[in-house]
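Chemist: Let me give you the structure first, and then I'll get to my questions.
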Amino acid sequence: MKAVILAAGEGQRLRPLTHTRPKHMIPVGGRPILEHLIDALRVSGIEEIIFVVNYREDIIRGYFGDGSKHGVKLRYVRQREVSGTATAILSVKDYVSEPFLAINGDILVSSDAIRLVINRADLKESEAVLAAVRVSRPEQFGVLKVKGEELTDIIEKPALNMPSDLVNAGIYVFSPGIFDYIERTEPAERGEVEITDSIRLLIKENKRVLVVEILRENWLDIGRPWDLLEANARVLSQIKPKILGEVEDGARIKGPVFVGEGALIRDGSYIEGPVFIGDGSDIGPNCYIRPYTSIGKNVRVGNACEIKNSMLLNNVHVGHLSYLGDSIIGENCNLGAGSISANLRFDRKTIKMRIGDKVVDTGRVKMGVVMGDNVLTGVGVLFMPGVTIGCNCWIGPNIVVYRDVPSNTILILEQQIRCGTIQ
């Protein structure tokens, strides 16, 4: 069976990280989301994968090539216009002639869950099979109405009268007949042609659509910045410890920690796994790297810093005496000495973040800063919980950042010294 991975979109809810890469290529646990998905498919017995691509597709193509380094055969099909999941699947019509697996490219899923769906896909009995998962906030997904094991309806993001907590997991098996239904599917209100509407058309014409429930711990939708932290933690919880770099005398490694080639852990550092440290990174001296931290390649973490439950992408520099907690730092950022990310409100209420034009409750009591690529900060900068810093920003010394900062912004304190006082 071939697999079709839908990876054409940008991922606007994950901005500013997706200003410079597709959301599917954001690294969690040291590797892109798509690489984890390919591994799960390969272990499930899938040997041939078709990527549906568009936004920044050069990054995906350049990283994965023909798939030989990842043990699979890859083909790329360009979705000419990113106009919905159904049109994405329709773009592979000329490349599949038998039942195929279709899967969203922005989920973290286990091979066990994928095998469960494939094993249930007896398309002599049904026209389609889709995976379902129970979640705590079903209003954010397509909610399923099921009778026995058959799907009777899909309600997209219902505001009221939630029929169940069972939602669409974004994993399907279709026969080639689905293409005819996609071509007959009308665009939704926002102008996109969604595969869920094509599936509803199947149901309307009395075709059987089966539902397979997968375990919540085997699946994660990565749609918002805090989902990245959860995905990172899940990946790191399964990390295999290995020390390929140098650990100086006086540094201590506790628990599962991966240290890449050419990396250096300096004297006095304490690293408490699970932690991933990429090739060529330089940590310490006297640093405390706490659990569920992922540090990319060629990262420098200076003297006496503390990093907790955070993701530092490639080529980040964190100046001495800094603290980062529950934060995501994009590539090529340089944080001045004494930079602090606050991650907890005084009242200990859950932290809200702005996603697009909406303020959304993260559901997390602890959430730090989300920073795009190429940000420079001066000494003593303090980020309040849940703020977002766009790409290419310069933030001067001693600034407290209370609100989101758009990309390409310079922030400085205007100070005039008169008669020995600052006005």
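The values are calculated or read from the model by the stated rules, or taken from the named source; none is laboratory data. Just so it is clear, the model here is predicted, and its values are computed rather than measured. Every residue, glycine as well, gets a Cβ built from its backbone with ideal geometry; the counts of neighbours run over all protein chains shown.
Chemist: Restricting the search to segment 20-76, which residues are polar (S, T, N, Q) and in contact with a strand residue (DSSP E or B) (Cβ under 9 Å, 6 or more places away or on another chain)?
Modeler: Passing the criteria: 44, 54, 68.
Chemist: Quick one: in segment 336-367, of everything that is assigned to a loop (DSSP other than H, G, I, E, B) and of a type in the set (S, T, N, Q), which residue is surrounded by the most Cβ atoms within 10 Å (Cβ to Cβ)?
Modeler: 339
Chemist: Take segment 215-232 and flag every residue that is surrounded by fewer than 19 Cβ atoms within 10 Å (Cβ to Cβ), part of a helix (DSSP H, G or I) and either in contact with a helix residue (DSSP H, G or I) (Cβ under 9 Å, 6 or more places away or on another chain) or of a type in the set (Phe, Trp, Tyr) (or both).
Modeler: The one that is surrounded by fewer than 19 Cβ atoms within 10 Å (Cβ to Cβ), part of a helix (DSSP H, G or I) and either in contact with a helix residue (DSSP H, G or I) (Cβ under 9 Å, 6 or more places away or on another chain) or of a type in the set (Phe, Trp, Tyr) (or both): 217.
Chemist: Hey, another quick one. With respect to the numbered conditions (1) modelled with pLDDT of 90 or more; (2) surrounded by fewer than 14 Cβ atoms within 10 Å (Cβ to Cβ); (3) farther than 22 Å from residue 191 by Cα, which one is the sole condition not fulfilled by residue 148?
Modeler: For residue 148, the failing item is (1).
Chemist: Does any residue in segment 177-195 that is touching a residue at least 12 places away in the same chain (Cβ under 8 Å) come within less than 7 Å, Cβ to Cβ, of a residue that is surrounded by fewer than 13 Cβ atoms within 10 Å (Cβ to Cβ) and not hydroxyl-bearing (Ser, Thr, Tyr) six or more places away or on a different chain, and which pairs are these?
Modeler: Sorted first by the residue in segment 177-195, then by its partner, the list stays empty.
Chemist: Looking only at segment 218-254, count how many residues are among the acidic types (Asp, Glu) and under 23 Å from residue 279 (Cβ atoms).
Modeler: 3
Chemist: Given segment 143-214, what strands (runs of 3 or more DSSP E) lie entirely inside it while holding 3 or more residues that are touching a Phe, Trp or Tyr at 6+ places or on another chain (Cβ under 8 Å) and in the same structural domain as residue 90 (by TED's automatic domain parsing)?
Modeler: Where strands (runs of 3 or more DSSP E) fall fully within segment 143-214 and carry at least 3 residues being touching a Phe, Trp or Tyr at 6+ places or on another chain (Cβ under 8 Å) and in the same structural domain as residue 90 (by TED's automatic domain parsing), they are 166-174.
Chemist: Yes or no: segment 45-61 includes at least one residue that is surrounded by 19 or more Cβ atoms within 10 Å (Cβ to Cβ) and of a type in the set (Gly, Ala, Ser).
Modeler: no
Chemist: From the list 360, 369, 316, pick out the single residue that is under 20 Å from the mean Cα position of the chain (by Cα), more than 23 Å from residue 278 (Cα to Cα) and among the hydrophobic types (A, V, I, L, M, F, W, C).
Modeler: The conditions single out 360.
Chemist: Out of 298, 303, I need the residue that is under 25 Å from the mean Cα position of the chain (by Cα) and part of a loop (DSSP other than H, G, I, E, B). Which one?
Modeler: 298
Chemist: From the list 401, 370, 375, which one is crowded, with 20+ Cβ neighbours inside 10 Å and in contact with a Pro (Cβ under 8 Å, 6 or more places away or on another chain)?
Modeler: Within the list 401, 370, 375, the selection yields 370.
Chemist: Also, I was wondering about something else. Quick one: in segment 205-232, which of the residues that are modelled with pLDDT of 90 or more and among the basic types (Lys, Arg) is nearest to residue 105 (Cα to Cα)?
Modeler: Here the answer is 224.
Chemist: For a quick check of your reading of the model, give me the residue pairs whose first member lies in segment 86-104 and is within 17 Å of residue 183 (Cβ to Cβ) and assigned to a helix (DSSP H, G or I), whose second is at pLDDT below 95 and of a type in the set (Ser, Thr, Tyr), with beta-carbon atoms closer than 8 Å and at least 6 apart or on different chains.
Modeler: 86/185; 86/198
Chemist: Evaluate segment 129-140: report whether one residue or more is closer than 14 Å to residue 209 by Cα, small (Gly, Ala, Ser) and without any contact (Cβ under 8 Å) to a residue 24 or more places away in the chain.
Modeler: no
Chemist: Please find, within segment 290-335, the residue that is surrounded by the fewest Cβ atoms within 10 Å (Cβ to Cβ) out of those that are of a type in the set (Asp, Glu) and more than 20 Å from residue 392 (Cβ to Cβ).
Modeler: 306
Chemist: Checking the conditions here, which among 77, 52, 28 is more than 26 Å from residue 94 (Cβ to Cβ) and not hydroxyl-bearing (Ser, Thr, Tyr)?
Modeler: After applying the criteria, what remains is 28.
Chemist: Which of the residues that make up segment 122-131 are more than 20 Å from residue 38 (Cα to Cα) and either buried (at least 21 other Cβ atoms within 10 Å of the Cβ) or among the polar types (S, T, N, Q) (or both)?
Modeler: 126, 128, 129, listed by residue number.
Chemist: Of the conditions (1) assigned to a loop (DSSP other than H, G, I, E, B); (2) touching a residue at least 12 places away in the same chain (Cβ under 8 Å), residue 66 fails just one. Which one is it?
Modeler: (2)
Chemist: Please go through (1) hydrophobic (A, V, I, L, M, F, W, C); (2) in contact with a Phe, Trp or Tyr (Cβ under 6 Å, 6 or more places away or on another chain); (3) closer than 19 Å to residue 168 by Cβ for residue 53 and return the number of the only condition it doesn't satisfy.
Modeler: The failed condition is (3).
Chemist: So which residues in segment 306-322 are more than 20 Å from residue 26 (Cβ to Cβ) and assigned to a loop (DSSP other than H, G, I, E, B)?
Modeler: Listed by number, the residues that qualify are 319, 320, 321, 322.
Chemist: On to the next question. Could you go through segment 90-112 and let me know if any residue there is out of contact with any strand residue (DSSP E or B) (no Cβ under 7 Å at 6 or more places or on another chain), under 24 Å from residue 215 (Cβ atoms) and surrounded by fewer than 16 Cβ atoms within 10 Å (Cβ to Cβ).
Modeler: There is at least one residue in segment 90-112 that is out of contact with any strand residue (DSSP E or B) (no Cβ under 7 Å at 6 or more places or on another chain), under 24 Å from residue 215 (Cβ atoms) and surrounded by fewer than 16 Cβ atoms within 10 Å (Cβ to Cβ).
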